[in-house]
Amino acid sequence: MTTTQTITHTGRIGDSAQRPDGTLKVTGQFAYSSDLWMDGMLWGATLRSPHPSARIRSVDIGPALAVPGVHAVLTKDDVPGLNAYGLDHADQPVLAADVVRYQGEPVALVAADHPETARLAAERIVVDYEPLPPVTDAMLAVGHISWDTPGQTGVPRVHPEGNLVRHVKIRKGDPDPQADVVITGEYEVGMQDQAFLGPESGLAVPAEDGGVDLYVATQWLHVDQRQICIALGLGPEKVRLTLAGVGGAFGGREDLSMHVHACLLALHTGKPVKIVYNRTESFLGHVHRHPARMRYQHGVLRDGTIVYVRASIYLDGGAYTSSTPAVVANAGTMGIGPYDVPNVRVDCYGAFTNNPPCGAMRGFGTVQAAFAYEAQLDRIAAELGLDPVDIRCRNAMREGSRMTTGQLVDSAAPVDELLRRVQALPLPPPVDPTQLDLREQPGGVSNTTHGEGVRRGVGYAVAFKNVGFSEGFDDYSTARVRLEVVGGEPVVTVHTAAAEVGQGLTTVIQQIVRTELGVENVVLAPADTQIGNGGSTSASRQTYVTGGAVKAACELVRGEVFDIAQTCYGRAVRDLHLVDGKVISPAEGGIGSLADLLIGTPVERTIEWRHRPTYPLDPETGRADAHVQYAFAAHRAVVDVDTELGLVKVVALDCVQDVGKAINPQAVRGQIYGGALQGLGLALMEEIVTTDGIVRNASFTDYLIPTVLDAPPMQVEILEYADPHAPYGLRGVGEPPTISAGPAILAALRNATGLPLTRIPVRPEHLIGSVGR
Amino acid sequence: MEFLTPESWDEALTAKALSPDALPLAGGTDVMVELNLTARRPPLLLDLTRIPELTTWSLTDDGRIRLGAGVTYRQVIEELNDELPGLAMAARTVGSPQIRNRGTVGGNLGAASPAGDCHPPLLAVGAEVEVASVVGSRLIPIDEFFTGVKRNALSPEELIAAVIVPTARGPQQFSKIGTRNAMVIAVCSFAIALDAHHQTVGTGIGSAAPTPIRAHGAERMLTHALKSLWQRRGPLPEDLVQQFALNVATAAKPIDDVRGTAAYRQHALTVMARRTLTWAWDEYWSTGEAAA
Ligand SMILES: Cc1cc2nc3c(=O)[nH]c(=O)nc-3n(C[C@H](O)[C@H](O)[C@H](O)COP(=O)(O)OP(=O)(O)OC[C@H]3O[C@@H](n4cnc5c(N)ncnc54)[C@H](O)[C@@H]3O)c2cc1C
């Protein structure tokens, strides 16, 4: 079940080392969490609410229990601990109690000897619901009749304490500034899904000590463990988690899904229980990206200098808190983009509604705002007759700028350089009308145009994102590094609880160890809760924080090895190095080989490593050194739009990103390609559509993600301006390209069509305003 | 769930007669999705993939193609591009390579989705569906085959044996709207077939009514208007193309749904009708078929 991976592919910091799991994945042999298996295991199924809001009058499990093959049917009464969990605030029931607050909320569980039996039995459970009118509008939910304007009364409360999850206020500079030109716009962002391909799944195994071992695909073992313990009423020593193969995450696995459910069933039946969601259940069973409604006002001088920004942002958090408070903080603090603006007023609200719960997704609050602020920048440029890149460069944040929060930007912030460089990349050639290749046309092989109605557009966007956890969160990672000699060869074993979710952390850890200890053979122990917290695989933070922890642990091990070497050598030697399994000194040559120095005595060090501290936002002004680090990316999109049919072909999507230090250049590129494509998806097609709180497209038939024919060629340029505060000077990589890609595509679409396009995803019917009607 | 595996067509028909509620299984690209999403739990599956004659096509005495129900999209694309260009174009738009390798024309007809991509080109050329039971077989004209949303004219004892498709007697086109550039269900689609021999025009509309439909009015109008034009080498008058496009759109009865609005579908149909007619007609006169 757990695999220890031995590595033969070498590579150090700065090399494109191969992934330890790469061959297994491309040959279909990698074991994902849905492949978990144990003899005699049962299958769990979840009964979910069909209503977005309802009172539960009664639940009759009798008919389900009567189904042959059923071992257990559980409801809220069977939750031994606190029937509540949540990342920031435990307000989400493990199993619904008196009410359900969203469609898909778990109500009851079944364990049976066959998944089909479990599913059928779950359908037999009789739940008597009294449907209630759902709250589905975030602005109304917080009682606003329009932007920042309270006055709506009588809105049902999704939770007793009200529907406002958080209101972040940013106040910087003059509250009443004067400008030559004022540009106001309203924007809307639909609900994107992480659309990871490996559905929620895991296996819970009851243990003899009354505890449980859970093998599960997740982003953060320890925060799962904490929540599971509370729900089960067990201590952490009784609830042990091991990471199972993760088939993508993108934020959607930061919250619990089937974790507690499988453990409950396993403890209840005394048998291993596996739960695997199908695709529809997966869409209902994890949090999404917050939909947003935003109003922006920019005051500018005639020369294009931005004097002030005012923004109101409403984020729909759905039925439970999840990570909404932190998403609200991100959208608020980074809501004006990577621009240096003296006067800022941002109000960002997170609301409870009866829509699907929303939480973490790649970009985490900054994605929504970027669509609005970059649209505004283009409108300003058009209004003043300025070039879109020039206006961005004129206002660009740089090292030494002050954030909206007053925080000093104290490392490289090459916003203008990123833009200039992406602008300088070669443009794709125009379509040759004599060489018709349908795959190059909007609509692709569907044969909708042979060039008729097609117009090209070019657009730019730049974005930034905080790396790591902010606002005073104690953000750290734990690493254990053990160096020993096995069969005459030095081997390093690294143990962390940090989740590899496909991004390549395991590769990076090996590169760090090879660099720091000069040992090729690096073994990764399974990620589990036997070691301390590794923190979340989110916020672009693992290479920084777990990478930092591994580096620090290696330094301790190295120091110990040097002590041993000097003891053996008989005297102190300065300037020692570990190279190819040997301790050497430039002055004196070889001091000893690890094979000789370490016989029988492994050197092992465990360390908790923290990035520099951050601080909470002032509730009235938002002032604080709230963030650890910023990462920046700029995109240029080139699109061909069929202006009669509203179909789009993205012709090129080029990116320049500053990563501080590319630990693994190929992995960096992979993040940029994939991140950009996810941004393209949100711009053009990816949306969970709800009507009155009911999801209408919970499958890949109608939740569309880009295919290879939608993926444009991408030129990528990587800059490496070291951040002196970060290990190796690196910056988080995973999120920035997701943020800038979509706004660049929207800019290109506006350039091609002349339409304002204020809502994403853009639909074909939005793109046909200009011609053919 | 039981799984029946007849080795011959007669066996299959007998099985269907004995168990009318058995669900036929061809490529499984519709059936398996429904099973996986637990939308359907048939008591019996009737596997038709072991019956060799279903997977072949042949030329009939009257010069039409008899396409076995189990012929895949890939076969249509690779083997019948010249004879059935409209169907081949539609086949190229279906799913992904994996789906085109497994998915069949018979399965598309069996599913009878208003969005099925085979249907518009089959409507445009006036194909016939050959269905059979232990009692015998019958031919159903394609425009009587679709009886409702995902319903067709088969009786519970019947199976689709083949579809009989006239070979092209003039240029054909197929065009489909989707919100991504591959692997997409039609938001709406349109097929046109020019019959230079009989001097007629056929059409088919997908995803814009409860069933796939022909645009009868548009066909009649254009057939009539073209009478004097077949012998002339030159482009069509613009107002005629526009009139045709509007007639096509009027034939449609689209709805608003998660894939698109009714208004957009109507608009897109006019654009597709205009463009595909222009492409087909320009191919007709510019490649010298006009002289033939
Ligand atoms: C990823 C994906 C993409 C797709 N993309 C498209 C697309 O672009 N366009 C499109 O039109 N479709 C698409 N489909 C749907 C599907 O591939 C087609 O409808 C295909 O033609 C079905 O053929 P099949 O052989 O797989 O049918 P099956 O799934 O085996 O059967 C489909 C239906 O027909 C019945 N049936 C099959 N054979 C017979 C028979 N001989 N007699 C009576 N009934 C029969 C079955 O009982 C069932 O109801 C897609 C499906 C998937 C999974």
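The values are calculated or read from the model by the stated rules, or taken from the named source; none is laboratory data. What you see is a predicted model, and the numbers here were worked out from it, not measured in a lab. Because the Cβ atoms are built from the backbone with ideal geometry, glycine has one as well, and the counts that use them run over all protein chains shown. Side chains included, ligands, DNA and RNA excluded: accessible areas come from the protein's heavy atoms. Shrake-Rupley method; radii C 1.70, N 1.55, O 1.52, S 1.80 Å.
Annotation note: of A:ASP77, A:ASP60, A:ASP98, the sole residue that is open to solvent by 20 Å² or more (accessible area, probe 1.4 Å) and without any contact (Cβ under 8 Å) to a residue 40 or more places away in the chain is A:ASP77. Of the residues that make up the stretch A:753-766, is at least one in a helix (DSSP H, G or I), open to solvent by 10 Å² or more (accessible area, probe 1.4 Å), in contact with a Pro (Cβ under 9 Å, 6 or more places away or on another chain) and within 13 Å of another protein chain (Cβ to nearest Cβ)? No, that holds for no residue. Listed here are the helices (runs of 4 or more DSSP H) enclosed by the stretch B:193-292 that have at least 1 residues being under 20 Å from B:PRO114 (Cβ atoms) and away from chain A (no Cβ under 14 Å): B:216-226, B:238-251.
Looking only at the stretch A:472-494, residues that are closer than 30 Å to A:PRO619 by Cβ and assigned to a loop (DSSP other than H, G, I, E, B) come to 4 in all. A:GLN542 fulfils the conditions (1) in contact (Cβ under 8 Å) with a residue 60 or more places away in the chain; (2) more than 24 Å from A:GLY487 (Cα to Cα); (3) surrounded by fewer than 24 Cβ atoms within 10 Å (Cβ to Cβ) except for a single criterion, (3). Would you be able to say whether some residue in the stretch A:715-732 is surrounded by fewer than 24 Cβ atoms within 10 Å (Cβ to Cβ), more than 14 Å from chain B (Cβ to nearest Cβ) and closer than 30 Å to B:ILE177 by Cα? Yes. Looking at the stretch A:601-687, the strands (runs of 3 or more DSSP E) lying wholly inside it that each contain 2 or more residues that are of a type in the set (Lys, Arg) sit at A:603-610. Residue count for the stretch B:193-204 satisfying the condition of being more than 14 Å from the ligand (Cβ to nearest atom) and either under 16 Å from the mean Cα position of the chain (by Cα) or aliphatic (A, V, I, L, M) (or both): 6.
Only residues that are open to solvent by less than 20 Å² (accessible area, probe 1.4 Å), assigned to a helix (DSSP H, G or I) and either more than 11 Å from chain B (Cβ to nearest Cβ) or not polar (S, T, N, Q) (or both) were counted in the stretch A:429-453, giving 1. Scanning the stretch A:476-497 for residues that are open to solvent by less than 10 Å² (accessible area, probe 1.4 Å) and not polar (S, T, N, Q) returns A:ALA479, A:VAL481, A:LEU483, A:VAL492, A:VAL494, A:ALA497. Restricting the stretch A:684-701 to residues that are free of Cβ contacts under 8 Å to residues at least 12 places away in the same chain and out of contact with any strand residue (DSSP E or B) (no Cβ under 9 Å at 6 or more places or on another chain) leaves a set whose member that is farthest from the other protein chains (Cβ to nearest Cβ) is A:THR691. Of the residues making up the stretch B:68-83, those that are part of a helix (DSSP H, G or I) and within 16 Å of the ligand (Cβ to nearest atom) number 5. The set of residues in the stretch A:559-581 being over 13 Å from A:VAL603 (Cβ atoms), over 42 Å from the mean Cα position of the chain (by Cα) and surrounded by 13 or more Cβ atoms within 10 Å (Cβ to Cβ) consists of A:GLN566, A:TYR569, A:VAL573.
If the condition is being within 11 Å of B:PRO120 (Cα to Cα) and more than 12 Å from the ligand (Cβ to nearest atom), then the stretch B:177-192 contributes B:CYS188, B:PHE190, B:ALA191, B:ILE192.
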